[in-house]
Amino acid sequence: MQCPVCDSRDNDVRFELVRTPQGEINDISICKSCIALFNSTLYSQIESGSLNNQEHQIESAELAYPLASDAAGIEHIGREVAGHSFIVDLARSFIGEVEDLTLLEVGFGPGYGLLAAAKAFKYVHGVDLGLQPFRAVCDVVGKPDNVSVSTELSSIDKQAHVVVGWHVLEHLPNPVEFMSAIVATMAPGGIVMFQVPMLCPQYVESVHFIFYTDASITKLMDRVGIDRVDVLYDHMNLFLTFIGKLRSKSESDI
Ligand SMILES: [Zn+2]
């Protein structure tokens, strides 16, 4: 098949067959050009029409964020928001002070990251497929004036200096199109921070299309004009975080 990351054709081989947590056997392939690993079983299901990814992703997100009253308690939300302040610290470590800057988070779920960022950034935007988990949180703690949310990237009216995507890219069968749309929202010199799971059996599930490696996420970002700054490893959880910087126009022309 055509590699969803680097577009090279028929350059993939089977990497391994993996038993998913649900007990299904999925066929994981690797692109020999960019070293992306992808779930061929899911791509076949999309091609045959048996999987509607957009609907499937929304359904599984609703399952992931149950709106039980105990989960939406004010203390719980406060702890979650405090626990997400690492996003601000991470951004500061790569871009410096942020009080005049705009942050965009894609795939924000219940929005704890947005609420943490709202305490430090001038403006905070969130884009997700569904807004209900965030609305439920705001019903409890209120929505800060500097936060806006939408289901469409095209509705963003301020350029983003920092783009955060935590566990988003692996859900997208066609990530290049998505990252191009992200770049269109970014301010010159802006940075991106994208975290994804690494390949291991517990993360092989029906909503994860691609497992990125350092080489393949760098290739994806390079294609849309983002240079690799660093790749951070969370060895406890088997996550990888790509940090990148938007290439300036003059650098792109060279
Ligand atoms: Zn590839």
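The residue pairs whose first member lies in the stretch 6-28 and is within 24 Å of residue 174 (Cβ to Cβ) and of a type outside the set (Gly, Ala, Ser), whose second member is more than 16 Å from the ligand (Cβ to nearest atom) and in a loop (DSSP other than H, G, I, E, B), and whose beta carbons are closer than 6 Å, counting only pairs six or more residues apart or on different chains, are 18/204; 20/204; 20/205; 26/20; 26/204. Consider the stretch 189-238 and keep the residues that are in contact (Cβ under 8 Å) with a residue 60 or more places away in the chain and among the aromatic types (Phe, Trp, Tyr). The one that is surrounded by the most Cβ atoms within 10 Å (Cβ to Cβ) is 212.
Could you tell me which residue of the stretch 108-165 is farthest from residue 197 (Cα to Cα), considering only residues that are of a type in the set (S, T, N, Q) and in a strand (DSSP E or B)? Here the residue is 148.
On the stretch given as the stretch 19-46, residues that are within 16 Å of the ligand (Cβ to nearest atom), closer than 16 Å to residue 203 by Cα and assigned to a loop (DSSP other than H, G, I, E, B) total 1.
Laboratory data are not the source of any read-out in this text; all were calculated from the coordinates shown. From a predicted model like this one, the values you see are computed outputs, not experimental measurements. Ideal geometry is used to build each Cβ from the backbone, glycine not excepted, and the neighbour counts take in all protein chains shown.
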